[in-house]
Amino acid sequence: MELFPPLSFFYKAIADDTRIGATHISLYMALLQQWNLNGGLNPVEVKRSVLMKLAKINARYTYNKCMNSLEEYGYIKYQPSQNSFVPSKVFINKLNQNVNE
């Protein structure tokens, strides 16, 4: 029985994606948790400091690189805020729903 399909969809999608590393996975899990807390609705408003803490990322460069990579690879749509007082927006993209393949 599938309790949280988006998690399975993500792991199915990254199984053969050699571009994805542990930091990408950690950041995506933090994003998925925020999306879950948002009722599974897009977009999710996120603060860099919160995501970095949840994903155990210490460097801004690593965070920015991973966020941009996740967007480039099609896992998310990222709208960074230009104002430190305004949260960024992240859309979790629908992934392949064929988990049983």
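The values are calculated or read from the model by the stated rules, or taken from the named source; none is laboratory data. As the structure is a computational prediction, the values presented were derived from the model and not from experiment. Every residue, glycine as well, gets a Cβ built from its backbone with ideal geometry; the counts of neighbours run over all protein chains shown.
Any idea how many residues of segment 59-89 are within 20 Å of Gly21 (Cα to Cα), surrounded by 11 or more Cβ atoms within 10 Å (Cβ to Cβ) and not aromatic (Phe, Trp, Tyr)? Lay out the reasoning, then the answer.
Going through segment 59-89, the residues within 20 Å of Gly21 (Cα to Cα) turn out to be 59-78.
Cutting the leftovers down to surrounded by 11 or more Cβ atoms within 10 Å (Cβ to Cβ) gives us 60, 62-78.
Restricting the remaining residues to those that are not aromatic (Phe, Trp, Tyr) gives 60, 62, 64-72, 74, 76-77.
Within segment 59-89, residues that are within 20 Å of Gly21 (Cα to Cα), surrounded by 11 or more Cβ atoms within 10 Å (Cβ to Cβ) and not aromatic (Phe, Trp, Tyr) number 14.
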Of Thr23, Thr18, the only residue that is touching a Cys at 6+ places or on another chain (Cβ under 6 Å) and modelled with pLDDT of 95 or more is Thr23
Within segment 1-37, of all residues that are exposed (fewer than 15 other Cβ atoms within 10 Å of the Cβ) and among the small types (Gly, Ala, Ser), the one nearest to Val50 (Cα to Cα) is Ala22
